[in-house]
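Colleague: This is the structure, below, for whatever I ask next.
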Amino acid sequence: MKVYEKAPAKINLLLDVLRKREDGFHEVEMIMTMVDLADRLEMEELPRDTIIISSQAGYIPLDEKNLAFQAAKLIKDRYDVRRGVYIHLDKKIPVAAGLAGGSSDAAATLRGLNRLWGLSIPESELCTLGAELGSDVPFCVTGGTAIARGRGEKLERIDNPPQCWVVLAKPPINVSTADVYGKLRASELKNHPSTAGMLRAIAEGSFAGICEHLGNVLENVTLQLYPEVMQLKEIMHRLGADGVLMSGSGPTVFGLVNKEAKVSRIYNGLRGFCKEVYVVRMLT
């Protein structure tokens, strides 16, 4: 028996950091949704008790450093599964890009192995497991659109934003989320994005309101460390994207575009600046 799972990328429409917590993590408030750029995972049971991962991508680890491997080990250990699994990971989401590719792979592994092994684990429990692997994993388990609080594990489902085009552009650099959060001074943040404003815009289905309330406090750090991310934002604005923001800790920048006629101009203009440019839709 084989099981197939899709692992979509996420974007942050809003990312705010409220404070540094005593446990070393940051208290966040994020509004996230998923886009139609996805890794695909194929899982097959093995006769021996082992975890094997393969991928066509030559730049990702295939051992315990891989979040999908960690997810498989966690579910095996927690539910005393004495069977093995072969996972093939067809990688499409850029790595270390602020799009939660690794987290989404881990979430897809949890969902897929739950089905493959007939474990009947409820979604809420899969989210709890996911939180042990990473802050974005619980959201990637459920998908859709949500506001995330705490470390990112406290989720509240909300309406999906109105459908639009999303142009993603990743410059040829990798950004460490831990490094960015490590350099962030939460107590010194003066301008916080309006969560209430974004929630209102989404509830009203206002594309203009969503573009107006886009915000990400991690830009304060990443844009200083990597000027090319700021350059990418400026180019995307100049080419006519309606709303532009860095996703997560970066370096991927996304542009929301309401009119299809603009999309090819933005795509072609960005391709002159970086190779990794994708035109996708929101998953609504």
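The values are calculated or read from the model by the stated rules, or taken from the named source; none is laboratory data. A quick note: this is a predicted structure, and the numbers were derived from the prediction, not measured. Methodologically, a virtual Cβ is constructed for each residue, glycine included, from the backbone with ideal geometry; neighbour enumeration extends over all protein chains shown. Surface areas here come from the heavy atoms of the whole protein model, side chains and all, with no ligands, DNA or RNA. Shrake-Rupley method; radii C 1.70, N 1.55, O 1.52, S 1.80 Å.
Colleague: Test of understanding: among Lys6, Lys10, which residue is buried (at least 24 other Cβ atoms within 10 Å of the Cβ), part of a strand (DSSP E or B) and either touching a residue at least 40 places away in the same chain (Cβ under 8 Å) or of a type in the set (A, V, I, L, M, F, W, C) (or both)?
Modeller: Lys10
Colleague: I need a count of the residues in the stretch 217-249 that are in contact with a Gly (Cβ under 8 Å, 6 or more places away or on another chain) and either at positive phi or among the polar types (S, T, N, Q) (or both).
Modeller: The qualifying residues number 4.
Colleague: Would you point out the residue of the stretch 1-14, among those that are among the hydrophobic types (A, V, I, L, M, F, W, C) and under 12 Å from the mean Cα position of the chain (by Cα), that is nearest to Gly209 (Cα to Cα)?
Modeller: Ranking the qualifying residues of the stretch 1-14, first place goes to Leu13.
Colleague: Separate question: Considering only residues that are part of a helix (DSSP H, G or I) and either touching a Pro at 6+ places or on another chain (Cβ under 6 Å) or aliphatic (A, V, I, L, M) (or both), which ones fall in the stretch 105-125?
Modeller: Once the filter is applied, which keeps residues that are part of a helix (DSSP H, G or I) and either touching a Pro at 6+ places or on another chain (Cβ under 6 Å) or aliphatic (A, V, I, L, M) (or both), the stretch 105-125 yields Ala106, Ala107, Ala108, Leu110, Leu113, Leu116.
Colleague: Of all the residues that make up the stretch 19-56, how many are open to solvent by 10 Å² or more (accessible area, probe 1.4 Å), more than 23 Å from Met246 (Cα to Cα) and either within 20 Å of the chain's Cα centre (by Cα) or not β-branched (Val, Ile, Thr) (or both)?
Modeller: Residues flagged as open to solvent by 10 Å² or more (accessible area, probe 1.4 Å), more than 23 Å from Met246 (Cα to Cα) and either within 20 Å of the chain's Cα centre (by Cα) or not β-branched (Val, Ile, Thr) (or both) within the stretch 19-56 amount to 15.
Colleague: Yes or no: Val35 part of a strand (DSSP E or B), under 21 Å from Ser135 (Cα atoms), touching a residue at least 40 places away in the same chain (Cβ under 8 Å) and out of contact with any helix residue (DSSP H, G or I) (no Cβ under 9 Å at 6 or more places or on another chain)?
Modeller: In short, yes.
Colleague: A follow-up question, please. For Ile147, only one of the following conditions fails: (1) at pLDDT 95 or above; (2) at positive phi. What is its number?
Modeller: (2)
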